[in-house]
Amino acid sequence: MRLRCPSCGRIYSSLIPPKCSCGEPLDVTYDYESINTSRWGRREKGVWRYRELLPDVHEIISLHEGGTPLLHARFGDNLGLNVFIKDETRNPTGSFRDRLITVAVSYGLPHARNGFVVASNGNAAASLAAYAARAGREAYTIVPKLIEGSKLAQIVAFGAKVIRYGESVDEGISYAEGLAEGRDLYNVTPESNIVGLEGQKTIAFELWEELNPTHVVVPTGSGSNLYSIYKGFNELLRIGVIEEIPKLIAVQAERCSPIASEVLGVEPKAKPTRALALYVKDPFMKGLAVKAVEESGGTAVLVGEDELDLGEKLLAGEGVFAEYASSVVVPALMELADSGYFERDDRIALIVTSCGLKGMGAEGRERFTVGGTKLDILRLLSERSMYGYEIWEALEKALKYQAVYQHLRELESLGFIAESRREGRRVYYRLTERGRRFLEAFSLQRKGFKASLKS
Ligand SMILES: [Zn+2]
């Protein structure tokens, strides 16, 4: 594949940045007249089934990515809607990023004698680690300081090098570009090289084959998935097999909302969210993602931190364990359904991008679940065992008594506290070993943080 800038004529062959150095956006295109989609159905399922609409490669590095199941969501029936879950957790490393990486690694292989590099907030890094291992090449992953321990474990298990840089993924992107240049690595970061997005767009092809959806609900961090899905449907439109692009719905966390806020015309936020994979403060692809939503006639939804658990539980009730960053699609669906956004015969696809096991580990979910009040409760219980009302009084906070009980229940379900004894109606709680370790680890982390501020 050779790509020529439509404006200045500059030719790109190994890396394809989102924009030409002249400022013109670059887009990988094909000879759409010659595409015969009836061939696809005769091939094995997966990303490479659609090879006419993928870059030419000498060798395919594959772990059988794509071809993921589309499950009927029973919670949709309760809303009177036809809802389906596109279960991307079934990809080889547990996320949709395998679609990107199989294409980027296969295409980049001749340029990656010294290895590959990616800046990622976790899933693309874990995926690159696996595919580089499969290709027998080194992988360098630039990941932010806020990353789930389980994603790190996955990256390390595949033998990739880990460089922790910046608080969110934003800072890592230019670092990866520098490293790629300095060490002659092939950079698969989508913000620097859009070739892998060609793989991600195959979600759209599969959705068309299986459902021909009217609406696609997409968890949105960097915006690259949203843009890829849009590009996929746009190509189906150009080939002439669909008449209309489904409405694309961008879902972001209220706490970090650069893309959704632009669509909705509200003030954006850029704070850390428990849906860590959606923590992208200043997405490079914001413009393309917003354009994708607007040109499809779709919309955006903001999801609160307190709705993440509900999303996770409802998906789990369907047999799908999703990370928080994917679970946002469920509260988003419910909000739109409540507001009467959908018609009865719409066909709605929820993209569940990544597996819940990835959101685990001391640095991930627990740290973000256990904040302010819960920590105070743990500290109180580390002194002595106490009962609910006593804890409520000791907290001296403008907090309802019921809220304290809710915190206690959650701490108990995390295994951080346990019932120690009962006196009449009073239930006394104590800190468990696990709770003690967590509190210690947290205090150490805080000390380390303070020390690093001083130095
Ligand atoms: Zn140009």
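FYI, it's all coordinate maths here, none of it is from the lab. It should be emphasised that the depicted structure is a prediction, and the values quoted were computed from it without experimental measurement. In this analysis, Cβ positions are derived from the backbone assuming ideal geometry, glycine residues included, and neighbour counts consider all displayed protein chains.
Just to confirm the filter: which trypsin sites (Lys or Arg not before Pro) across segment 126-182 are DSSP coil and have at most 16 other Cβ within 10 angstrom of their Cβ?
Listed in order of number, the matching sites are 145.
Within segment 1-84, which GluC sites (Glu not before Pro) sit in a loop by DSSP and count at most 15 neighbouring Cβ atoms inside 10 Å? Don't skip to the answer; put the middle values down first.
Numbers: sites: 33, 44, 52, 59, 65; in loops: 44, 59, 65.
Of the GluC sites (Glu not before Pro), the ones in loops of segment 1-84 whose Cβ has at most 15 other Cβ atoms within 10 Å are 44, 59.
Roughly how many nanometres apart are two label points built 7 Å out from the Cα toward the Cβ at residue 384 and residue 156?
In this crude spin-label approximation the distance works out to 4.0 nm.
Write down the percent of antiparallel bridges among all DSSP beta bridges whose residues are both part of the chain, to the nearest 5.
Rounded to the nearest five, the antiparallel share is 40 percent.
With axes computed from alpha carbons, what is the tilt in degrees of helix 123-135 against the longest principal axis of the chain, rounded to the nearest 10 within 0 to 90?
The two axes meet at around 50 degrees.
Check the chain for me: any Cys whose beta-carbon has no other cysteine beta-carbon within less than 4.7 Å?
Flagged as lacking a Cys partner: 256, 355.
Give the separation of the Cα centroids, segment 380-429 to segment 1-46, in Å.
If we compute the Cα centre of each part, the gap is 59 Å.
Treat the count of other C-beta atoms within 10 Å as a stand-in for reagent exposure and order 333, 100, 70 from fewest to most. Don't skip to the answer; put the middle values down first.
On the way: 333 27, 100 33, 70 16.
Ascending Cβ contact count within 10 Å gives the list 70, 333, 100.
Going by how many other Cβ atoms sit within 10 Å of their own, how do 38, 296 line up, fewest first?
With the fewest neighbours first, 38, 296 line up as 38, 296.
For a quick check: with amide H placed at 1.01 Å from N, whose amide H comes under 5 Å from residue 192's, ignoring anything fewer than 5 positions away on the same chain?
Placed amide hydrogens put nothing under 5 Å from residue 192.
By what distance, in whole Å, do the Cα atoms of the chain stretch along each of the three principal axes, largest value first?
79, 56, 40
Roughly how far apart, in whole Å, are the Cα centres of segment 219-234 and segment 269-338?
Between the Cα centre of segment 219-234 and that of segment 269-338, the gap is 13 Å.
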